[in-house]
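These notes concern the structure reproduced below.
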Amino acid sequence: MIRPLLVRREKPLPGGQPLAFVLGSSVALFLGAALLWVAGDDPTEVYQRMLSASFGDLEALSATINRAIPLALAGLAVAIAATMGLWNIGAEGQILFGATAAAWVAQIGNAWSGPLLIVAMLVGATFGGALWALGPAIAKAQIGVNEIITTLMLNEIAVRFVRYLINGPWKDPEGFGFVQAPALPDQSELPGLFERAHIGALVAVAVLAVVGLMVSRSSWGYELRIAGSSGATATYAGISLKRKTLAVLVLSGAVAGLAGGIELTGNATRLTETVSNGYGFAGIIVAALALMRPSGVALVAVLFGAVQVGGQSIKAIGVSDAVSTVLQALILFGVIAAGVLVAYRLELAKAKVHSL
Amino acid sequence: MDADPLVDPLADPLAVELIGIHKRFPGVVANAGTELKVKRGSIHAVLGENGAGKSTLMNVLAGVYRPEAGEVRVLGARRVFASPSAALAAGVGMVHQEFRLVPTFTVAENVVLGAATRVLHMGTVEKQVADLAQRFSLDVDPQRQVWQLSMGERQRVEILKALWRAAEILILDEPTAVLTPQEADELGSIIRQMANDGRSVIFISHKLHEVKQYCDEATVLRGGKTVASSLKVEDLTSPQLAELMVGDATHTIRRPEPTQACATLLMVENLHALNNRKLPALRDVSLSVHEGEIVGIAGVAGNGQRELADVIAGLRNALSGSVRLFDRDITNASARQRFRAGLSYIPEDRVGVGLAVQLSITDNAILRSYRQHRRGPLIATDRAKAFCAEIVSAFKVRAGSLDQRIAELSGGNLQRLLVGRELTAEPSVIVASQPTRGLDVQGVTAIQELLIDARNRGLGVLLISEDLDELLAISDRILVMHGGRIAAQYVGVDANRSAIGLAMAGEPA
Amino acid sequence: MIVGLAFPETALIGLLFAAIQFGAMIYLASLGELIAERAGVLNLGVEGMMAMGAVGGFVFAIETGSPWLGLLAASIVGALVAMIHGLFAVVLGANQVVSGLALTIFGVGLANFWGTDYEGLRPDVQFVDVDLGPLSDIAWIGRIFFQQSPLAYLALALGCVAWFGLNRTRGGLALRAAGESAATADTAGHSVVGLRLFAVAIGGALAALGGAYLSLSISPGWTVGVVAGRGWIAVALVIFGAWKVRRVALGAFLFGLAMALPSRTESFDLPWHPILWSMLPYLLTIAVMIAGALILRNRPADAPAALGVPFRREER
């Protein structure tokens, strides 16, 4: 009997994660092509269209960047928590609640000037996201309730909360019977950069840089890494795990909430329950692919943004945009598999199971 | 599973024969041509220092590891075990140091795991397990859940598991480490009964008196090689065994003259505390450590030593009582404040408490002092590295680069890094919990010398150890903990092994 | 809240009927997740596996003309999709949270892709509610308990099988051991990887049955988003039921009630908006987790001790 056995390489293959990334993504694209081919579509045509729609010209690039913003911030939110060994699966809900908070600010500040309103909305969104993460943070810090499940549950609660608002208290009186939230004031739209890109990209880059520096270089981030390695070591070094857990989950929620604010002010005309659009979940994959490092998150987010924008474009030729969803998951699976091959080698051991 | 047809299993007087076993792990050669012969119906000691390759060899015999070369013969037949269960099927059962039990299962469920009928009738199973336990005088209740049992009881469950699988050969890996001397004697009579029943027992130990007391023959390993094979234990004296075990590296620590006890550095009074399960772990503990003194704490694992160290170091809250450093009450101070006040701590779990395994050597070196290496809100990497380099060179930590993850360091180097970091801060008191456990001979000596040196410089050392020999060798005073209390106190020279043993069991003379 | 029957009798019967219907559907998925988690594998891919089961069951039912063949196909599809999680989380030891979420994304995406051509088709194949003659005719009880879809009784039967399998067989003992202490199960001679793969596959098959219940019985047909977050309810239910087959069954009825209630709040004159009622399962789960953390501090937790921890034997 021949048994496959994974043996750790004495030295991992040169190239490490980037190599795994390229290898894994190629495999994913190949599998995606196979899927398209089985479904009777032309893979080359689909991929070409996806590529030109996401990177083909400036306009395409701007669409990709717009998509990459919430992905990067959600990925950052997940990565911050993961540095301490915590799983924030609730970015989806935090984005949504952040957007809700921003919409609320917009109702209050209807008459404010543009810059003031935009800043207030983004700040509101940040607080909203932080607030949505506060419950799980307290439960985890004080009595050790598993944050994976609480944050997950709060995603579903956030969707229903927004649905309730739109159907009830916030129902647009001028909606002509449509169930929708009122339109945002015009001056709340984020100023543009080029084509469809808006300054949300700059905000995201700034947040990534500051938070990335905080996590990797500051003493606050050092404490975070210690706590992530072992809670007991953190206590030994005089770091309060409770305070750290609270701080890191709330910060994580705040970053996700900000994404909701940017999404609302940058790309939406009114609050909807789909404003988070799966970015929170995709952010987990983005963070995992970036090995939970803020520095890698931006890069992966742009790639995923491109895949999503590409996915939208192929509807025009009658191909389901679900292809792009499938591709995102396949890329993760491919990169994990390639990562294993980088660190391990496959040995086919002839197992002489028992005696001679 | 079938025996070699050419060999009559009953003709061979050997239960186990290991020939030229080689087993390598990345960076370590654990077995280099190790040999072992065990007679049927005997209790055979495998003796050696930590790191001599005992456990690896036994894991090879028990099917946990596959050797790169060598032959395993069990009851006369050559075997290649693909898994522990294959070894079990061939009659080899092993009781690991860390018990392999499911805490939420009952005793009966644990015993039959892996060898149960397709459909379980728990009543019948419990009855069968109770009968088996009775036959070998193993006192356990099959219906209780394992997490409620004492360590001694859990060990009996492990032995029952092997007997349930009809193991002919039972391997016990350092079985007495978690037992009181009295429980150990009970274990001795249980395994004697098994040997009389025709089974063979392999008893791994590095404690000479146990080998003398419980075993028939001994094989001594050193550095992965067999240095003496199947010696008759009754013909040997402990010093002879010791010499074989340690080889030329024999090193007796010269204990300096006792200093005239002067200022009290650490003072613990009427301390009460709970363990992780919220049960009382410390009951009215009082002790003091003076300048230039090593105070040893003896005791069987789980009698409050760990909690005592944690409470003193500020990792666990005291329910009542006080901890004073010089004249300062630090009972409610944080771990960081205590460290700043001059209290260093070498915790029992080096990796996981004292060191963060996923981080680099530098990150670990600055664990206590990172706030002093700041430039604004950021950590000044250059200063941190310089600080780390000092520790690495002063305490001879062998490392490739300072950015290397400490996961890649050996146990001895990890401990040098940890002890170095704690001593660099120039503390006045150092609490050291099991500081030499699991280290090789050089590592043990180096750490012990560092502690003695600290003592000679006037530091107070509180040394918590389960190794009585270590305590007897370097402590000025020995306190014995039992059931969360200080059960007895001995001053260096009058410390007497059997008296301490009785005190560890809660029966001070 | 139910005082003096101030509402039509039929509304209450309808509510209880729907509670059992939704409860049985979610119970199937939860049972699968329970089995996987008892073996030590957290699979957050339930939503994706349910979507695949829903589309797979529907497509095969249409193509073969038999809802039963559709159901069989759904369970096979579910098990196959689950093996992706098996490969990554169990064999390769990848992080279970990441792998499971990726499976949800993958499953939902692939289901939508697969279902494109079947969207909105009115099926002529679907499960018809049973008619047990006199039993079904009993007032109240007949409609609530004996006129359900065959799948409801299948869920009940599978629950019994799962209980017996987990608690009264050698394999169940081994599977639970793999979830509590993988090294122990391994030493005892069980293949931890094998047991976990088996549990994940069964979990996928059961989740897919839950999905097929939706597309072949509750709301026959395929539309994008038909699973609508019920996979997350299934995950919550396992925790609510403390990883125990019978308690999860009880919880399934409660959660079924909570799922059935929002569309009926008016008949019962309930306060608050129906959408607020739809938050109930999630709020209940959070409440149970908090209560559990507050109460069970001195005992081992209900959750399998090795849940989420990959197992690899020879590593040093």
> Given a 1.4 Å probe, how much area per residue of chain C is accessible, in Å²?
Replying inline: 37
> To the nearest 10 degrees, how steeply does helix C:170-180 sit against the main Cα axis of chain C, on a 0 to 90 scale?
Replying inline: 80
>> Place a point 7 Å from Cα of B:Lys39 in the direction of its Cβ. Which residues in segment B:86-108 have their backbone N less than 17 Å from it?
In response: none
> Mind checking the angle between helix C:230-240 and chain C's longest principal axis? C-alpha axes, 0 to 90 degrees, to the nearest 10.
Replying inline: 70
> What chymotrypsin sites (Phe, Trp or Tyr not before Pro) in segment A:137-180 are in a loop by DSSP, with at most 11 other Cβ atoms within 10 Å of the Cβ?
Replying inline: A:Phe176, A:Phe178
> On the accessible surface of chain A, probed at 1.4 Å, how many percent belong to carbon and sulfur atoms?
Replying inline: 65
>> Summing both sides, how much accessible area is buried between B and C? Use a 1.4 Å probe and give Å² to the nearest 100.
In response: 2600
> Once Lys and Arg get +1 and Asp and Glu get -1 on their Cβ, which of A:Leu165, A:Ser320, A:Gly98 lies farthest toward the positive end of the dipole of chain A?
Replying inline: A:Gly98
> How about segment A:70-98: which of its residues lose at least 30 Å² of accessible area in the presence of all protein chains relative to their chain isolated, using a 1.4 Å probe?
Replying inline: A:Trp87
> Which of the lysines could a cross-linker bridge to B:Lys278, judged by Cα under 22 Å and excluding same-chain residues fewer than eight apart?
Replying inline: A:Lys140, A:Lys242
> Anyone know which of A:Glu59, A:Glu45, A:Glu273 comes out most mobile in the 10 Å Cα GNM of chain A?
Replying inline: A:Glu45
> With springs only between Cα atoms under 10 Å, which of C:Ser217, C:Ser263, C:Ser99 fluctuates most in a Gaussian network model of chain C?
Replying inline: C:Ser263
> segment C:156-183 to segment A:68-129: how many Å between their Cα centroids?
Replying inline: 44
> Calculated FRET efficiency, C:Thr169 and C:Val224, Cβ-Cβ r, R0 35 Å, to nearest 0.05?
Replying inline: 0.30
> Where a ≥ b ≥ c are the square roots of the eigenvalues of the C-alpha gyration tensor, would you call the protein assembly as shown rounded, which needs a/c under 1.5, or, failing that, prolate if a/b is larger than b/c, or oblate?
Replying inline: prolate
> Got a sec? What order do C:Glu180, B:Glu422, A:Glu347 fall in by accessible area at 1.4 Å, biggest, i.e. largest, first?
Replying inline: A:Glu347, C:Glu180, B:Glu422
> Restricting attention to segment A:156-254, which GluC sites (Glu not before Pro) occupy a DSSP loop and are surrounded by at most 11 other Cβ atoms within 10 Å?
Replying inline: A:Glu174
>> How much length would be gained if the chain were fully extended between B:Val29 and B:Ala386, taking 0.36 nm per residue of separation minus their Cα-Cα distance, in nm to one decimal?
In response: 125.2 nm
>> Using a 10 Å cut-off around each Cβ of peptide A:326-337, what is the average number of partner chain Cβ atoms that fall inside?
In response: 6
> Loop-only check: which trypsin sites (Lys or Arg not before Pro) in segment B:99-142 are DSSP coil with at most 14 other Cβ within 10 angstrom?
Replying inline: B:Arg118
> Can you give me the relative contact order of chain A as a percent, contacts being Cα pairs under 8 Å and 6 or more apart?
Replying inline: 39
> Among A:Val309, A:Val323, A:Val22, which one moves the most in a GNM of chain A with springs linking Cα atoms closer than 10 Å?
Replying inline: A:Val22
> Which value, in Å² and to the nearest 10, is the accessible area of C:Asp137 when all protein chains are kept and the probe is 1.4 Å?
Replying inline: 120
> Put simply, what bits of segment A:226-267 lose 50 Å² or more of accessible area when the other protein chains are there, versus the chain on its own (1.4 Å probe)?
Replying inline: A:Ser229, A:Thr233, A:Tyr236, A:Ala237
> Reported to two decimal places, what Rg/Rh ratio describes chain B when computed on Cα atoms with Rh from the Kirkwood expression?
Replying inline: 0.99
> Per residue of A:156-169, how many C-beta atoms from partner chains lie within 10 Å of its own C-beta, taken as a mean?
Replying inline: 5
> Considering only the protein assembly as shown, what is the antiparallel percent among its DSSP beta bridges, to the nearest 5?
Replying inline: 60
> Quick one: if you stick a label point 7 Å off each Cα along the C-beta vector at C:Glu63 and C:Ala305, how many nm between them?
Replying inline: 4.7
> Sorted by packing (mean other beta-carbon atoms within 10 Å per residue), highest first, where do C:187-194, C:13-20 land?
Replying inline: C:187-194, C:13-20
>> If you take the accessible area of A alone plus B alone and subtract the pair, what total do you get in square angstrom, rounded to 100, with a 1.4 Å probe?
In response: 2600
> HN-Hα J couplings of segment B:327-343 from phi, Karplus 6.51/-1.76/1.60, θ = phi - 60°, integer Hz, Gly and Pro as x?
Replying inline: 9, 9, 7, 10, 3, 10, 6, 6, 4, 5, 5, 5, 4, 5, 6, x, 10
> Other chains near A:278-289: what is the mean number of their Cβ atoms within 10 Å of each residue's Cβ?
Replying inline: 3
> Between B:Lys225 and A:Gln142, what is the FRET efficiency for a Förster distance of 60 Å, r being their Cβ-Cβ separation, to the nearest 0.05?
Replying inline: 0.65
> When only Cα pairs under 8 Å and 6 or more residues apart are kept, what is the percent relative contact order across chain C?
Replying inline: 35
>> Taking a ≥ b ≥ c as the square roots of the Cα gyration tensor eigenvalues, with a/c under 1.5 meaning rounded and otherwise prolate when a/b beats b/c, else oblate, which class fits segment C:67-199?
In response: oblate
> When the accessible area of segment C:2-298 is computed with all protein chains present and a 1.4 Å probe, what percentage of it is carbon and sulfur?
Replying inline: 68
>> Need one word for segment A:115-267: rounded, prolate or oblate. Basis is the Cα gyration tensor (sqrt eigenvalues a ≥ b ≥ c); a/c below 1.5 gives rounded, then a/b vs b/c decides.
In response: oblate
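The values are calculated or read from the model by the stated rules, or taken from the named source; none is laboratory data. None of these values were measured; they are calculated from a predicted model. Ideal geometry is used to build each Cβ from the backbone, glycine not excepted, and the neighbour counts take in all protein chains shown. For the accessible areas, the whole protein counts, side chains as well, though only heavy atoms, and no ligand, DNA or RNA atoms are used. Shrake-Rupley method; radii C 1.70, N 1.55, O 1.52, S 1.80 Å.
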